[in-house]
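Just below is one structure, and these are the notes that go with it.
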Amino acid sequence: MPLPPILADESGLNEGQAIAARVRRWDSGEARGPYTMELYPTMTCNIDCVFCDTTYRKGKQTGELTAEQYWTLLDEARDLGVRRVFILGGGEPLVRKDVTPELMRRIKDYGMEGHIATNGTLFDEALIDQVIDSGWDELHFSLDAPDPGANDYLRGRKGVFETVAKTMCRIHGKKNARGLGVNDAPRMLIHAVVTNKNYWMFADMVRFAHAVGVFRVNFDYIIAYRPEQHALTLSDAEKAEVPDHIRPAMAEAERLGIISTLEQFLLPETMERGQMTFPQEGPPDAEHAPCLNPWYYLVVQPTGEVSPCCVITGQGEKVTDGLAKVWNEGEYFSSLRASMKEKEMTDLCRNCTMSIISRNDYIRDSFTEGRS
């Protein structure tokens, strides 16, 4: 299916240039749709990670968007020029069997880029075939250690490591049988939460990732709100050890061709989530805002509320009011954009991740290239 006419002026631009061009359109007075839309089909989860900050994930949730509302939302997103859809959640998105597999199919039918974050325990052969046949772009598996004992303790259920490893091996094997390489769709990525139960396993995780056909590993420190989360944070002595574990892991990643966020762990400011800082220079416009997400990134909670990222969640209007209206002129996004132009961040912004900050830096590097 061809892209909508709204995207004609992005022809030939790479991702960073296209997003930069959209941000500059806002500064010239022209509203542009989000480049990326993040969907949370549910907060319900089938496992019980000890570090999870979603305290209400157990049991069936109420008020979640219906399947029909998701189909409408996807239609509206396409009309706004959304290029990438990321399916994830405070729960496990594949718990919504009535929504997620069909949503994935429609995303690819619409010519959009599709990503999903999953704990990897609910894949069956039909879904494995679907993601390969449809050319689904990326599968992000949440896995915290290349060791069953440590991983399953952190994931709160025995057998999770074995189940996820088998799923990844099945996908890797089926791709190989079709002549597809590691960097062919669907690409697999591992996301690991770093705690005092796994902080020495970086190199082992890189080797495991290579063995199961993963192209990238993202590591992030745990962010702690509750006592059980604080109990998993690294002590000062453990933090001091981290660089000694990172350097051999970086060498392994380079040797095996694995992309990673390992280098960020050599920076002191990444040691403490909740202490992130942002650029404050430049005039009061979108291009020089400390965070660019409000101009190109849309997160939709299970009940429809919107926000610009996974850190600031569920504070805006609902997409059932009309996606274009909520994004272009809704009070929440309008107020947030105005405050960002004035370099006024929310308190929650300090909990940002290095992956979001790095993405913003990448877009800023593209402003000169993406001028139109």
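The values are calculated or read from the model by the stated rules, or taken from the named source; none is laboratory data. None of the values given here were measured: they were computed from a predicted structure. When we count neighbours, we look across all protein chains shown, and the Cβ atoms used for this are built from the backbone with ideal geometry, even at glycine. Each accessible area value is taken on the protein alone, full model and side chains, heavy atoms only, with ligands, DNA and RNA left out. Shrake-Rupley method; radii C 1.70, N 1.55, O 1.52, S 1.80 Å.
Couple of notes before you dig in:
- Accessible surface of the chain, 1.4 Å probe, proportion on carbon and sulfur as whole %: 50
- Dipole axis of the chain (+1 Lys, Arg; -1 Asp, Glu on Cβ), positive-most option in ASN218, SER307, HIS140: HIS140
- Sequence-distant lysines (8 or more away, or on other chains) whose Cα lies within less than 20 Å of LYS175: LYS108, LYS166
- Accessible surface computed residue by residue for the chain, with neighbouring protein chains in place and a 1.4 Å probe, gives 42 Å² per residue.
- Comparing ASN151, PRO248, TYR362 along the charge dipole axis of the chain, the residue lying farthest to the positive side is ASN151, per the Cβ-charge model.
- Contact order, relative form, for the chain: 20 percent (alpha carbon pairs under 8 Å, 6 or more residues apart, mean separation divided by residue count).
- For the chain, the list of Cys residues with no other Cys C-beta under 4.7 Å reads CYS45, CYS169, CYS291, CYS309, CYS310, CYS349, CYS352.
- Antiparallel DSSP beta bridges within the chain, as percent of all bridges there, nearest 5: 10
- Scattering curve values for the stretch 200-287, log₁₀ I(q)/I(0), Debye with Cα scatterers, q = 0.16, 0.21, 0.23, 0.24 Å⁻¹: -0.75, -1.01, -1.11, -1.16
- Mean Cα-pair separation over length for the stretch 60-197, i.e. relative contact order, pairs under 8 Å, 6 or more apart, %: 22
- 10 °C / 1.306 mPa s Stokes-Einstein diffusion coefficient of the stretch 57-125, Kirkwood radius on C-alpha pairs, µm²/s: 123
- Spacing of the two label points (7 Å from each Cα toward its C-beta) at GLN315 and GLU329, in nm: 2.4
- Subset of LYS97/LYS197; LYS239/LYS341; LYS97/LYS174 violating a 28 Å alpha-carbon distance limit: LYS97/LYS197; LYS239/LYS341
- Solvent-free Debye scattering, log10 I(q)/I(0), computed from the Cα coordinates of the chain at q = 0.07, 0.10, 0.12 Å⁻¹: -0.30, -0.64, -0.96
- Projecting the Cα atoms of PHE208, LEU65, GLY90 onto the charge dipole of the chain, computed from C-beta unit charges around the Cα centre, puts PHE208 farthest toward the positive end.
- Rounded to whole Hz, the Karplus (6.51, -1.76, 1.60) HN-Hα couplings of the stretch 145-156, x for glycine and proline: 7, x, 9, x, x, 5, 4, 5, 5, 5, 8, x
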